[in-house]
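The structure under discussion appears below in the form of structure tokens.
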Amino acid sequence: MTSAPDAVPADPGHDIFAALRARTIAALRDLLPDLPEDAFARVQMEPPRDAAHGDMATNAALVVGKLARQPPPKLAAALAAALAALPEVAEAAPAGPGFVNLRLREGHLRAQLPVILAAGVAYGDGAAGRGRRVNVEYVSANPTGPMHVAHARGGVVGDALANLLAKAGWEVTKEYYINDAGAQVQALGYAAYWRYLQALGTTLTEEQFAGLVPGGLQYKGEYLIPVGEALRDRFGTSLASEDPDHRHGMLGPDHWLDTVRAFTVARMMEAIRDDLALLGIHQDVFVSEAQLVAEGKVEQAEALLQAKGLIYRGILDPPKGRTPEDWEPREQTLFRATRFGDEVDRPLRKSDGSGTYFANDIANHLHKIERGFDELVHVWGADHGGYVKRMQAAVAALSDGRVGLDVVLAQVVHVVKDGKPVRMSKRAGTYVTLRDLIEEVGQKVAGAGEARDAVRFTMLTRKADAQMEFDLDKVLEQSRDNPVFYVQYAHARCRSVLRQAGDPPVAELAATPLDALGDPAELALIRRMAAWPRTVEAAAIAREPHRIAFFLHDLASDFHVLWNRGRDDATLRFIRGDEPEATRARLALVAATAGVIRSGLAVMGVTPVEEMR
């Protein structure tokens, strides 16, 4: 490799935007030596909205000008002159009310390829998280039925976000909070007991049994039939009456409900883990709500808030609009959530002294805080949006503001097949399950891994809080309109070129001269790859893993453009026997592209393909 004065060090986390931002701040310090350090906090370096304006743009003069008591345009002109003197900058020009546009030297852009090749999949690893411990809780569905497609989306978003935070420098724990306490799990116990009686051959009808159950029979899906059979195999007739014909078979619930409920929750969690594994999701920690309640964590959290003077007895004003479940026109035990930005104070105990769901959720978050996490991130269904402020208030109160809570809301998913909505599953009875989705996609591909990858990638092609239409007919369509195919095809094309060249060692490619790379399409591809570390950091800070899918689609587009240019112009083909030096340079470009795609797919939890069928 020919050395150049503007080459950059081979740092796997190297971010040329961060490097130019640091140089910009240094230039500002020279121009404005009396400004305090915090004056530069809002200085940004990012791609301009119009690529014709250059490679980068900074708002430095605009955000510093007022404090410096200088007109931003005048300061921008002085800053542009200072930045133009940098060896990596080809041109710096003031623009607008105080921006500076920068164009980098081609040699500096080409110098990024050895960095990318040396780092491999680690390219883009960053330090934005500074090693802070973050707990990412996602899915956390009630263990009352199979995972459905909304759980699939929340699971994929949460898993990719956890991967993204780890890549950006956080120490991540992936967590599932098991909602195994309360009325819904009680109802699950009754439903499983009905399937148990059926397995014993009871002559009770479903209608008769439902009439004996508080609230009726709420869960009727076929997924509980194997649970009933397992109860029979494990406990025989010991949970039923001694009627030899099992004509009725039902003992009082105090004889069996706790046993059946615990057994059923365990079986349902096994099924949930298996379903999540189909999507490549494996949480590090599973925390039981029932266990926290049994250990007195709810009372501990209440006592802590009481000691801080944040609990009182009072009557809330009638809510406007829809009445929440926890509102009563009577005196309740209330948490002063309004001190922490919530709209109203929130009930911890009802007028009869029983706890609210919110009280149990506070206990869950106290448990996380006690385990030493610096940040908490949750992925919730969009229907929980009204719950965010009160939970953030509770976390702020419990941690004295030390721990922050970010909530990502995932909107619903509509599954479409043959142009029509798919609404029901035989297995679940009322909705499309995650397993149904995987199996349906799996019918169109070679293996479960491909189905998993297609579902994961597709779930990340929209921002989490935007509704999604999951079209089963289009998810594997081989066209540019299908981002899964488009990105995988780019990687497969890269690998095809490298195999054709004999898979040259990465170290050899990293050391090759790169002066032959000068075509605008080649430089555009390098520019895109150079933005990967910045993309990782920005997406992690914003808690938006869909940005990774967008970046990969744009990177694939740049590569496909270059590929097609080579078909029309022989001088741009990747492998040319008459130009070995240009061939090696282009192979370095191809290998770097494949590496960045792999780096991005790893964040998404998707396996890159070697070749397309």
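The values are calculated or read from the model by the stated rules, or taken from the named source; none is laboratory data. Small disclaimer: the values here were computed from a predicted structure and weren't measured. Neighbour counts run over all protein chains shown; Cβ positions are idealised from the backbone, glycine included.
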- [ ] Go through L239, L276, L217 for me and flag whichever is crowded, with 18+ Cβ neighbours inside 10 Å, modelled with pLDDT of 90 or more and over 32 Å from the mean Cα position of the chain (by Cα).
- [x] L239
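Matching residues to (1) surrounded by 18 or more Cβ atoms within 10 Å (Cβ to Cβ); (2) part of a helix (DSSP H, G or I); (3) in the same structural domain as A531 (by TED's automatic domain parsing):
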| position | (1), (2), (3) |
| --- | --- |
| D38 | no, yes, no |
| R42 | no, no, no |
| P48 | no, no, no |
| A61 | yes, yes, no |
| G65 | yes, yes, no |
TODO: May I ask you to list the residues in region 523-545 that are under 21 Å from V157 (Cβ atoms), buried (at least 21 other Cβ atoms within 10 Å of the Cβ) and not aromatic (F, W, Y)?
DONE: T535, V536, E537, A539, A540, P545
- [ ] Determine whether region 103-118 contains at least one residue that is in contact with a Leu (Cβ under 9 Å, 6 or more places away or on another chain) and β-branched (V, I, T).
- [x] no
Open item on the list: Any residue that is in contact with a helix residue (DSSP H, G or I) (Cβ under 9 Å, 6 or more places away or on another chain) and buried (at least 21 other Cβ atoms within 10 Å of the Cβ) - is there at least one of those in region 498-508?
Closed with: no
Task: Top-ranked residue of region 259-273 - restricted to ones that are within 25 Å of G355 (Cα to Cα) and free of Cβ contacts under 8 Å to residues at least 60 places away in the same chain, ranked as nearest to the chain's Cα centre (by Cα) - done: A266
TODO: Report yes if some residue within region 400-421 is surrounded by 19 or more Cβ atoms within 10 Å (Cβ to Cβ), free of Cβ contacts under 8 Å to residues at least 60 places away in the same chain and part of a helix (DSSP H, G or I); otherwise report no.
DONE: no
- [ ] For residues that are assigned to a helix (DSSP H, G or I) and basic (K, R), scanning just region 542-565, find the one that is modelled with the highest pLDDT.
- [x] R547
TODO: Check A57, A27, A10, A4 and return the single one that is at pLDDT 95 or above and outside any helix (DSSP H, G or I).
DONE: A57
Task: Where a residue in region 102-118 is small (G, A, S) and its partner, wherever it lies, is part of a helix (DSSP H, G or I), with Cβ under 6 Å and at least six apart - done: A118/A510
Open item on the list: Exactly one of these conditions fails for R613: (1) surrounded by fewer than 19 Cβ atoms within 10 Å (Cβ to Cβ); (2) within 26 Å of R132 (Cβ to Cβ). Give me its number.
Closed with: (2)
Task: Single unsatisfied condition, D374 versus (1) at pLDDT 95 or above; (2) of a type outside the set (V, I, T); (3) buried (at least 20 other Cβ atoms within 10 Å of the Cβ) - done: (3)
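For the structure I just gave you, tell me whether A539 is part of a helix (DSSP H, G or I) and more than 30 Å from E375 (Cα to Cα).
When the stated conditions are applied, A539 does not pass them.
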TODO: Check region 371-392 and report whether any residue there is more than 26 Å from the chain's Cα centre (by Cα), more than 15 Å from L310 (Cα to Cα) and not in a helix (DSSP H, G or I).
DONE: no
Open item on the list: Among the residues of region 224-231, are any modelled with pLDDT under 90 and surrounded by 14 or more Cβ atoms within 10 Å (Cβ to Cβ)?
Closed with: no
Task: Residues satisfying the stated conditions in region 299-337, i.e. of a type in the set (F, W, Y) and modelled with pLDDT under 90 - done: W327
Open item on the list: Just the residues that are surrounded by 18 or more Cβ atoms within 10 Å (Cβ to Cβ) and among the acidic types (D, E), please, taken from region 88-102.
Closed with: E88
TODO: Examine region 566-589 for a residue that is within 27 Å of the chain's Cα centre (by Cα) and either buried (at least 19 other Cβ atoms within 10 Å of the Cβ) or modelled with pLDDT of 95 or more (or both), and state whether such a residue exists.
DONE: no
Open item on the list: Looking at region 555-564, can you tell me whether even one residue there is touching a residue at least 40 places away in the same chain (Cβ under 8 Å), crowded, with 20+ Cβ neighbours inside 10 Å and in contact with a Gly (Cβ under 7 Å, 6 or more places away or on another chain)?
Closed with: no
- [ ] Of the conditions (1) closer than 30 Å to L224 by Cβ; (2) not in a helix (DSSP H, G or I), L276 clears all except one; give me its number.
- [x] (2)
TODO: Tell me, yes or no, whether region 203-214 has at least one residue that is of a type outside the set (V, I, T), without any contact (Cβ under 8 Å) to a residue 60 or more places away in the chain, surrounded by 15 or more Cβ atoms within 10 Å (Cβ to Cβ) and assigned to a loop (DSSP other than H, G, I, E, B).
DONE: yes
